[in-house]
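What follows is a single structure, written as structure tokens, with notes after it.
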Amino acid sequence: MNIMDAHESANVSARDGFSLGEPLSLMGVCLDPESLSDVKQFAASMPLVRLLAPVTQFVAEDDDSLQGWIPGSPPEVCLIDFDANRRSATLTAEKIHANLPGTAIFAVSSNSQPSLIIEAMRCGCSEYLVKPLNHDQLLEAVARVDGRRKERKEVSNGQVLAFVGAKGGSGVTTMATHLGALLAKSYARRTLLVDLHPTFGEAAFYLGITKHKYSFYELVENKDRLDANLLRGFLLRHSSGLEVLPAPDSVEPSRQLAENDIGHTIDFLRSRYDFVVVDCPPGLSKPNLEVIARCDWLYLVLVPEVSAVANGVRCLDYLTRAEYPLDRVKVVLNRHLKRGIGITDDQIEKALRRQIYWKVPNQYNQVIRTIHGGDPSSQITESEVARTMLAWAETLGKQPDSPGDAKKGSKRLFGRLGR
Ligand SMILES: Nc1ncnc2c1ncn2[C@@H]1O[C@H](COP(=O)(O)OP(=O)(O)OP(=O)(O)O)[C@@H](O)[C@H]1O
Ligand SMILES: [Mg+2]
């Protein structure tokens with residue numbers, strides 16, 4: 001996707017979001033005299049912007065730690081002049097990007113060719129400011145940095161709920177969509193459903209969403225620019241209030257994501273929601289393990305069949321060997337029959353050496369009707385499956401309010417900044 005489009009389209013106006021509570025530090029790097037003077041004037045007119053002494057040298061090629069290059073603690077914004085020496089400016093931006101995660105980089109240049117802008121974005125610049133610098137342009141850019149700073153402070157620490165089937169077709173998507181929609185609708189919790197399937201993901205489809213442009217995959221691929229504004233451009237919203245990051249629409253078989261990037265993205269999402277429900281493909285693939293490693297609850301979904309139980313035993317054995325905290329794992333039995341025709345609940349618990357946490361009844365007609373309707377949260381009266389899932393959602397949704405609610409007290413200080 002065109003990352004800049006998504007970024008810009010989703011961006012709220014700087015004027016809505018500028019809310020500095022403490023000074024934001026700016027530092028010029030090799031700025032030409034005129035631009036430096038513009039930045040000085042800007043800083044002088046903004047009581048909550050602190051201008052640090054300018055740096056007149058780029059980072060040396062062999063200086064990987066940046067020690068000695070910037071005296072003291074790193075600034076929150078570096079404005080780098082890209083005109084005098086583009087190569088050194090690029091290298092400097094790359095090194096700042098790699099070593100100083102809390103520092104935003106603004107490219108400053110008199111050349112606004114799209115290829116140069118893209119090049120600057122690729123080396124880690126979040127803004128491209130065209131000379132001559134003016135007050136509004138600087139204000140908007142700085143406000144975006146402040147917005148991200150504010151987001152970082154106001155993060156909640158939501159729960160990640162990973163659903164993994166012991167085998168394909170166990171009911172993972174059915175449960176994840178029910179639980180997600182019910183947490184959002186019945187308990188008004190900020191809930192996101194992530195479909196981790198690389199292909200043939202069905203979560204959006206089960207919620208009646210048949211068309212979408214972007215997926216969780218594209219979000220992860222753009223993880224370097226991940227912030228609330230970018231995320232907003234990727235989200236689908238279901239009528240229950242549940243937000244959804246679907247699987248890719250394509251069937252490209254070779255598509256892969258770096259596991260680290262998946263983990264980083266899940267951590268970010270956790271900071272934005274009360275619950276992040278992840279619909280994982282069956283088994284213990286590397287992407288699944290990345291989610292499992294950081295989830296609060298791993299729901300291992302089985303059906304009462306010998307092969308599913310055997311796979312369940314294998315999964316638990318693997319997690320035990322990997323010293324995974326097994327108290328986070330909950331076994332869920334889907335398609336449960338009160339009078340089973342095959343393997344009994346006791347036999348399942350004995351084989352797994354743990355208790356079944358939740359039983360979801362075998363009600364094919366109800367589930368199919370819900371999928372056709374596209375809204376599990378509207379099926380409480382009609383569907384025993386939905387009622388069972390509601391009782392489960394209650395155990396999670398009725399918990400005391402999350403730290404995210406501290407947001408209510410946040411101040412909007414735009415007025416204090418002289419606008
Ligand atoms: N409790 C249930 N009772 C009866 N049928 C069910 C139940 N839960 C799911 N099903 C049916 O089982 C099938 C598979 O369900 P679902 O797609 O949720 O499984 P899955 O684990 O997500 O599959 P996949 O591995 O393909 O992602 C669907 O046809 C669904 O309607
Ligand atoms: Mg599925």
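Here, each number is a calculation from the coordinates, and none is a lab measurement. Bear in mind that the values here come from a model prediction, so they are computed numbers and not experimental data. Here the Cβ is made from the backbone with ideal geometry for all residues, glycine too, and neighbour counts use every protein chain on show.
Can you tell me the relative contact order of the stretch 23-154? Whole percent, Cα pairs under 8 Å, sequence separation 6 or more. Don't skip to the answer; put the middle values down first.
Details: 194 pairs, mean separation 32.4, N = 132.
Relative contact order, the stretch 23-154: 25 percent.
Considering the dipole of the stretch 75-162 built from charges on the beta carbon (Lys and Arg +1, Asp and Glu -1) around the Cα centre, which of PRO101, ALA89, PRO114 is farthest to its positive end?
PRO101
Which value results when the Cα radius of gyration for the stretch 23-154 is divided by 2.2 N^0.38 Å?
On the way: Rg = 13.6 Å, N = 132, 2.2 N^0.38 = 14.1 Å.
In units of the globular-protein estimate, the stretch 23-154 measures up at 0.97.
Using the eigenvalues of the Cα gyration tensor, what equivalent ellipsoid semi-axes result for the stretch 159-398 when each is taken as the square root of five times the eigenvalue, whole Å, largest first?
Values: eigenvalues 144, 93, 50 Å².
Those come to 27, 22, 16 Å.
For the chain, give the share of DSSP beta bridges that are antiparallel, in percent and rounded to the nearest 5; count only bridges with both residues there. Show your work: numbers first, answer last.
On the way: 2 of 46 bridges.
Here the antiparallel bridges make up roughly 5 percent for the chain.
In percent, what relative contact order does the stretch 159-398 have, based on Cα pairs under 8 Å that are 6 or more apart in sequence? Could the numbers behind the result be given before it?
Working: 450 pairs, mean separation 70.4, N = 240.
Normalised by residue count, the contact order of the stretch 159-398 is 29 percent.
What are the semi-axes of the equivalent ellipsoid of the chain, taken as the square roots of 5 times the eigenvalues of the Cα gyration tensor, listed largest first and rounded to whole Å?
48, 22, 19
Expressed as an acute angle from 0 to 90° and rounded to the nearest 10, what is the orientation of the C-alpha long axis of helix 364-373 relative to the principal long axis of the chain?
In the chain, helix 364-373 runs at an angle near 30 degrees to the longest axis.
With a cut-off of 8 Å between alpha carbons and a minimum separation of six or more residues, what is the relative contact order of the chain in percent? Intermediate values should be presented prior to the final figure.
On the way: 744 pairs, mean separation 78.6, N = 419.
Relative contact order here is 19 percent.
Run the dipole for the chain about the Cα centre, Lys and Arg Cβ at +1, Asp and Glu Cβ at -1, nothing else charged, and hand back the magnitude in debye, nearest 20. Don't skip to the answer; put the middle values down first.
Values: 49 positive and 51 negative charges, 301 e Å.
About 1440 debye.
³J(HN,Hα) across the stretch 31-42 via Karplus (A = 6.51, B = -1.76, C = 1.60, θ = phi - 60°), whole Hz, x for Gly/Pro?
6, 5, x, 5, 5, 4, 5, 5, 5, 4, 4, 4
Compute the helix-to-body angle for 384-397: its Cα long axis versus the longest principal axis of the chain, expressed 0 to 90° and rounded to tens.
40 degrees
Give me the number: length gained by fully extending SER115 to SER239, i.e. 0.36 nm times residue separation minus the C-alpha to C-alpha distance, one decimal in nm. Provide the component values of the computation, followed by the final result.
Values: separation 124, 0.36 × 124 = 44.64 nm, distance 4.05 nm.
Computed gain between SER115 and SER239 is 40.6 nm.
Under a plain spin-label model, where a point goes 7 Å from the Cα along Cα-to-Cβ, how far apart in nm are THR344 and GLU61?
7.6 nm
Using alpha carbons only, how many degrees (0 to 90, rounded to 10) separate the axis of helix 306-321 from the longest principal axis of the chain?
40 degrees
Can you compute the helix-only [θ] at 222 nm over the chain? Use -39500 (n - 2.57) per DSSP H run of at least 4 residues, normalise by all residues, nearest 500 deg cm²/dmol. Before the final figure, lay out the partial values.
Values: 16 runs with 165 residues, N = 419.
Taking each H run of at least 4 residues, the total per residue is -11500 deg cm²/dmol.
Between GLY180, GLY171, GLY342, find the one with the highest GNM mean-square fluctuation for the chain; connect C-alpha pairs within less than 10 Å.
GLY342
Whole-Hz ³J(HN,Hα) for each residue in the stretch 203-217, computed from phi via Karplus 6.51 cos²θ - 1.76 cosθ + 1.60 with θ = phi - 60°, x for glycine and proline: what do you get?
4, 4, 4, 5, 9, x, 9, 9, 10, 7, 8, 10, 10, 4, 4
Order the peptides 139-146, 106-113 from the highest to the lowest mean number of other Cβ atoms within 10 Å of their residues.
On the way: 139-146: 21.9, 106-113: 18.4.
Packing proxy ranking, top to bottom: 139-146, 106-113.
With charges set only on the Cβ (+1 for Lys and Arg, -1 for Asp and Glu), what does the dipole of the stretch 159-398 come to about its Cα centre, in debye to the nearest 20? Working shown, then result.
Numbers: 29 positive and 27 negative charges, 98 e Å.
I would put it at about 480 debye.
Sorted by mean Cβ packing within 10 Å, highest first, what order do the peptides 272-279, 162-169 take?
Details: 272-279: 26.5, 162-169: 21.9.
Descending mean neighbour count gives 272-279, 162-169.
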